[in-house]
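Just so it is clear, none of the values below were taken in a lab; they were calculated from the coordinates. What you see is a predicted model; the values in this text were computed from it and never measured. Note that each Cβ is placed from the backbone with ideal geometry, even for glycine, and that neighbours are counted across all protein chains shown.
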Amino acid sequence: GAVVSQHPSWVICKSGTSVKIECRSLDFQATTMFWYRQFPKQSLMLMATSNEGSKATYEQGVEKDKFLINHASLTLSTLTVTSAHPEDSSFYICSATGGEGRSTEAFFGQGTRLTVV
Amino acid sequence: AQKVTQAQTEISVVEKEDVTLDCVYETRDTTYYLFWYKQPPSGELVFLIRRNSFDEQNEISGRYSWNFQKSTSSFNFTITASQVVDSAVYFCALSDALMIYNQGGKLIFGQGTELSVKP
């Protein structure tokens with residue numbers, strides 16, 4: 001199956017700093033990537049959808065200035081949590097779709113556990 | 001609106017018992033996909049199955065089986081002879097036609113069911 005790699009797998013940062021999370025599709029060109037957030041003991045909630053070369057579409061209630069998404073190439077999307085605060089501590093996971101025969105299936109990265117102290 | 005409901009928040013069974021995880025979905029579309037994912041404590045999502053709305057055949061894969069019933073909008077998942085390694089959170093998810101064609105792969109997840117299998 002397709003491989004989506006997410007980096008880092010975990011990160012601890014100080015309050016007020018920014019953190020960048022990378023999501024790479026390793027063996028296919030991902031025309032669309034999705035970013036989800038998961039709080040402890042809760043479901044995955046879609047934050048935003050990004051298409052290569054265009055601005056991301058954010059779900060209602062997600063601050064686009066706080067969660068910057070860049071999808072500059074067909075294999076890489078980044079999520080930057082700006083001026084992180086403890087309430088941003090969460091599990092962030094990306095998924096990617098695209099490529100021949102892969103438009104209906106989402107392949108997930110390993111996730112990034114962010115802790116803001 | 002699309003919605004996925006997993007009414008069972010937590011289930012605890014003893015090893016070798018059979019267990020069924022329920023999933024009920026809502027969509028107005030006639031074309032859609034249903035998924036099950038397993039999320040072990042490490043956090044990654046493990047893909048288990050994808051089923052499209054036109055294929056109502058039940059599926060069996062080893063100890064896993066899925067029962068798709070369009071009449072009741074349910075897509076239940078059964079683990080036979082459960083094992084400790086099955087302990088995880090299981091998510092049911094939906095991707096309907098609008099999501100597929102406009103934003104292929106966007107998923108709506110249920111709340112998840114935490115399965116604990118005790119030895």
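Selection of first residues in the range A:7-29 that are closer than 19 Å to A:Ser73 by Cα and of second residues that are acidic (Asp, Glu), restricted to Cβ pairs under 6 Å at least 6 apart or on distinct chains, gives the following pairs, ordered by first then second residue: A:His7/A:Glu22.
In this structure, A:Leu68 does not satisfy being within 30 Å of B:Ile11 (Cβ to Cβ) and not charged (D, E, K, R). For the range B:12-119, the strands (runs of 3 or more DSSP E) that sit wholly inside it and include 3 or more residues that are touching a residue at least 60 places away in the same chain (Cβ under 8 Å) are B:32-39, B:88-96, B:113-118.
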